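The values are calculated or read from the model by the stated rules, or taken from the named source; none is laboratory data. None of the values given here were measured: they were computed from a predicted structure. Cβ coordinates were reconstructed from backbone atoms using ideal geometry, including for glycine residues, and neighbour counts include every protein chain displayed. These area figures cover heavy atoms from the full protein model, side chains too; ligands, DNA and RNA do not enter into them. Shrake-Rupley method; radii C 1.70, N 1.55, O 1.52, S 1.80 Å.
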Amino acid sequence: MEPLLPLPLDALPELPPLALAVVGHVEMVSFIGVEHLPAAGEILHADDFCELPAGGGAVVAVQMARLTGGRIPFFTALGDDAVGRRAADELEGLGLELHIAWREAPTRRGITFIDAGGERTITVIGERLMPTAADGLPWQRLAGADGVFATATDAAGLRLARRARVLAATPRVRLATLREAGVTLDALIGSSADPGEAYRPGDLEPAPSLYIGTEAERGGVLEPGGRYAAVLRQGPVLDAYGAGDSFAAGVTTALAAGWSLQDAISLGAHCGAASLDGRGPYASQLQLRRC
């Protein structure tokens, strides 16, 4: 079977006004550009450095904001510390409407090395903080949403998110949590190469209506549906961090808009490809205007 080919951006429908939301996590990430990963005992000098609030939930939410032109409700948890307060300020500046469960635990940090080929290697520091159904957040907002993407919450939080018309998630929510929730996902989207996002048919009951396993420049696998191809790129990859999350944001947005599978995969593929052109997750995310 031939892979599903991504359509050109100008061949895709216009996005209608959409009510979208994200339920997930944030990490304050230090991005360090290096020629290569340091070997044991080696000292490297890096001139390329920035620090941004990132993590899957944040990246998906910002990409949705840039696709729709609207402020995206983002349900998350942060440590009640200087890092968490800074993350909240910067995420609001990136177009998010934050609903935060403040924790006494420290905000999670991360260190990401970006090598000369644009590949990222990530180390996270501390506990992943996540919003739960018991937090006093405006969960009723999700009942009127066209689409919700989840990267981190508990089983009860997933059941609240399921009230949206379209619910997508990453396996990083954790398969045990997804099983406990017992909800049907419209899409489960994760990296086929990342052990933390591993999924095999039969792992969930009920099974997701659609599983997408991304494989970077090779495209990925659809169950059902076979394979899909990636967008052909002309230039080098500057930074792979967040490409998969941007892809997931595009697919979820398109599914919430009622687009076909090919259109949804196409938008996701263009989002993922665009994010490779800048340093950090937000520098080159795809921007569209809604009608």
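If you go through region 116-141 and pick out every residue that is open to solvent by less than 40 Å² (accessible area, probe 1.4 Å), touching a residue at least 40 places away in the same chain (Cβ under 8 Å) and in contact with a Leu (Cβ under 9 Å, 6 or more places away or on another chain), you end up with 4. When region 187-204 is filtered for residues that are more than 20 Å from the chain's Cα centre (by Cα) and surrounded by 14 or more Cβ atoms within 10 Å (Cβ to Cβ), the ones remaining, listed by number, are Asp203, Leu204. For Thr132, the criteria (1) in contact with a helix residue (DSSP H, G or I) (Cβ under 7 Å, 6 or more places away or on another chain); (2) closer than 28 Å to Leu255 by Cβ; (3) in a strand (DSSP E or B) hold in every case but one, which is (3).
Is it true that some residue in region 67-88 is in contact (Cβ under 8 Å) with a residue 60 or more places away in the chain, farther than 29 Å from Arg159 by Cβ and of a type in the set (Asp, Glu)? No: region 67-88 contains no residue that is in contact (Cβ under 8 Å) with a residue 60 or more places away in the chain, farther than 29 Å from Arg159 by Cβ and of a type in the set (Asp, Glu). For region 203-251, which positions are closer than 21 Å to Pro8 by Cβ, outside any loop (DSSP other than H, G, I, E, B), among the charged types (D, E, K, R) and without any contact (Cβ under 8 Å) to a residue 60 or more places away in the chain? The answer is Glu217, Arg218. Contact map, region 266-281: first residue closer than 17 Å to Ser30 by Cα, second residue open to solvent by 10 Å² or more (accessible area, probe 1.4 Å) and in a helix (DSSP H, G or I), Cβ cut-off under 9 Å, separation 6 or more or different chains; pairs are Pro281/Ala243; Pro281/Asp245. Could you check, for region 30-40, whether at least one of its residues is closer than 19 Å to Val148 by Cα and either part of a strand (DSSP E or B) or open to solvent by 40 Å² or more (accessible area, probe 1.4 Å) (or both)? No, there is no match, as no residue in region 30-40 is closer than 19 Å to Val148 by Cα and either part of a strand (DSSP E or B) or open to solvent by 40 Å² or more (accessible area, probe 1.4 Å) (or both). Checking each residue in region 226-236 for being modelled with pLDDT of 90 or more and touching a helix residue (DSSP H, G or I) at 6+ places or on another chain (Cβ under 9 Å) picks out Arg227, Tyr228, Ala229, Ala230, Val231, Leu232.
If I ask for residues that are among the small types (Gly, Ala, Ser), in contact with a strand residue (DSSP E or B) (Cβ under 9 Å, 6 or more places away or on another chain) and surrounded by 23 or more Cβ atoms within 10 Å (Cβ to Cβ), which ones from region 142-186 would you list? Gly147, Ala150, Ala152, Gly157, Ala161, Ala164, Ala168, Ala169, listed by residue number. What pairs come out if I take residues in region 22-44 that are more than 30 Å from Arg85 (Cβ to Cβ) and pair them with residues that are among the β-branched types (Val, Ile, Thr) and surrounded by 12 or more Cβ atoms within 10 Å (Cβ to Cβ) whose C-beta lies under 7 Å away, six or more apart or interchain? What qualifies is Leu37/Thr121; Leu44/Val34. Among the residues making up region 41-81, a single one is in contact with a Ser or Thr (Cβ under 8 Å, 6 or more places away or on another chain), part of a loop (DSSP other than H, G, I, E, B) and surrounded by fewer than 17 Cβ atoms within 10 Å (Cβ to Cβ): Asp81. When region 82-99 is limited to residues that are under 19 Å from the mean Cα position of the chain (by Cα) and under 14 Å from Met28 (Cβ atoms), the one that is surrounded by the most Cβ atoms within 10 Å (Cβ to Cβ) turns out to be Ala87. Restricting attention to region 6-26, the residues that are among the small types (Gly, Ala, Ser), open to solvent by 20 Å² or more (accessible area, probe 1.4 Å) and either farther than 23 Å from Arg227 by Cβ or assigned to a strand (DSSP E or B) (or both) total 1.
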